[in-house]
Amino acid sequence: MKKLLLSLSVATLCTLPLAAQSAAYKEAAVSGGGSITGKVKFAGKDESAKSYTISKDNDVCGNGSREIDFVRVKDGHLLDSVVYLDKVKEGKAFPAEVADATVTQKGCEFSPFLQVMRNENNLAAVNKDPVLHNIHTYELLTGSYTGPKKTQSNVSQPEPNTVTKQVDLKKGPAMKIECDAHDFMHGFVFVAQNPYFAVVQEDGSFTIDNVPPGKYTIKAWHGLLKNQKGSVEVAANGTATVDFTFK
């Protein structure tokens with residue numbers, strides 16, 4: 001009988017939704033919070049922006065080519081990257097502005113190119129063009145869109161309108177956004193599991209504040225390049241420094 005009850009308990013647990021089996025992030029007061037600062041550098045070859053031919057809907061999308069700089073480098077620093085703490089279960093509140101996200105399609109271009117949203121919230125895709133767009137979002141399972149990815153949503157927008165989908169990433173830290181109707185449209189969304197992240201500034205710097213004292217895994221994400229990982233210890237009311245170098 002004990003074996004039967006145990007088997008039933010395990011079977012019941014396995015049928016629960018993944019969200020019910022894993023604890024959600026808990027917002028709580030932080031005592032003695034510290035900070036993590038640093039810079040994200042680039043030591044590789046700064047390649048030219050990728051050029052795409054604008055091959056259709058030219059009256060709306062424009063003519064010639066679309067240049068997209070997937071690896072933006074400024075004074076040796078890597079931009080369009082995010083530094084974050086991995087698997088933090090409790091701490092400060094999410095910023096009010098980091099919840100849902102909106103990506104606008106105008107002139108056959110995604111805006112913004114990079115943004116941040118909270119996991120399990122909504123992404124609204126706004127089509128302002130009088131042409132068909134097909135917004136296709138992919139969960140980047142290893143962080144980079146050159147690695148394995150999984151479709152998160154795939155929605156046709158045949159006329160100016162808005163579609164909204166919930167984002168629920170299980171493994172990857174971010175999404176790639178594409179348009180299946182126009183191969184020159186690209187964008188990224190970093191999907192935060194906790195509020196301990198920072199978008200890298202134009203000078204390559206970042207700051208993550210109000211971190212509970214302790215040891216953490218810290219990661220640096222970029223949509224194209226191999227993601228970086230390190231460890232950091234934050235003392236009560238202290239400041240730790242971590243730098244990353246991409247190649």
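Once you have the Cα-Cα distance between Glu202 and Asp100, take 0.36 nm times their residue separation minus that, and quote the gain in nm to one decimal.
Separation in residues times 0.36 nm, less the Cα-Cα distance, equals 34.3 nm.
Rounded to whole Hz and in sequence order, give me ³J(HN,Hα) for region 96-102 from the Karplus expression 6.51 cos²θ - 1.76 cosθ + 1.60, θ = phi - 60°, writing x for Gly and Pro.
For region 96-102, the Karplus curve yields 4, 7, 9, 8, 6, 9, 10 Hz.
Which loop-located GluC sites (Glu not before Pro) does region 32-91 contain, where loop means any DSSP state but H, G, I, E or B and the Cβ has at most 12 other Cβ atoms within 10 Å?
Those that pass, being in a loop and sparsely packed, are Glu47.
Rounded to the nearest 0.05, what FRET efficiency do Asn134 and Thr217 give with R0 = 35 Å and r taken as the Cβ-Cβ distance? Could you check?
The value I calculate is 0.45.
If amide hydrogens are placed 1.01 Å from N in the peptide plane, which non-local residues have theirs closer than 5 Å to the one on Gly33?
Placed amide hydrogens put Asn237 under 5 Å from Gly33.
Once all Cα-Cα distances of region 23-92 are split into 10 Å bins that start at 0, what whole-number percent is in each one?
Final binned percentages: 15, 25, 21, 21, 15, 3.
For the chain, which whole percent of the accessible surface, found with a 1.4 angstrom probe, sits on carbon and sulfur atoms?
Answer for the chain is 50 percent, counting heavy atoms of protein chains only.
Could you pull out the GluC sites (Glu not before Pro) across region 126-229 that fall in loop regions by DSSP (anything but H, G, I, E, B) with no more than 16 other Cβ atoms inside 10 Å?
Glu202
In whole Hz, what ³J(HN,Hα) sequence does region 172-181 give by Karplus (6.51, -1.76, 1.60; θ = phi - 60°), x for Gly and Pro?
x, x, 7, 10, 9, 10, 9, 10, 5, 8
Could you pull out every residue, at least 5 positions away or on a different chain, whose amide H is within less than 5 Å of the one on Gly187? Hs are placed 1.01 Å off N in the peptide plane, and Pro or chain starts have none.
Excluding prolines and chain starts, which carry no amide H, the hits are Ile177.
Counting only helical runs of four or more DSSP H residues, what would the 222 nm mean residue ellipticity of the chain come to if each run contributes -39,500 (n - 2.57) and the total is spread over all its residues?
Per the formula, -2500 deg cm²/dmol.
Would you kindly state how much longer the chain becomes between Thr241 and Thr146 on full extension, computed as 0.36 nm times their sequence separation minus their alpha carbon distance, in nm to one decimal?
Extending this stretch completely gives an extra 31.2 nm.
Taking the Cα centroid of region 131-149 and of region 168-247, what is the distance between the two, rounded to the nearest whole Å?
Cα centroid to Cα centroid, the span is 18 Å.
So what are the ³J(HN,Hα) numbers for region 134-140, from phi and the Karplus equation (6.51, -1.76, 1.60; θ = phi - 60°), rounded to whole Hz, Gly and Pro as x?
Here the 3J(HN,Hα) series is 10, 6, 10, 10, 10, 6, 8 Hz.
The values are calculated or read from the model by the stated rules, or taken from the named source; none is laboratory data. Every value quoted in this text rests on a predicted model; they were computed, and no experiment measured them. Don't worry about glycine lacking a Cβ; one is built from the backbone with ideal geometry, like all the others, and counts go over all protein chains shown. Side chains included, ligands, DNA and RNA excluded: accessible areas come from the protein's heavy atoms. Shrake-Rupley method; radii C 1.70, N 1.55, O 1.52, S 1.80 Å.
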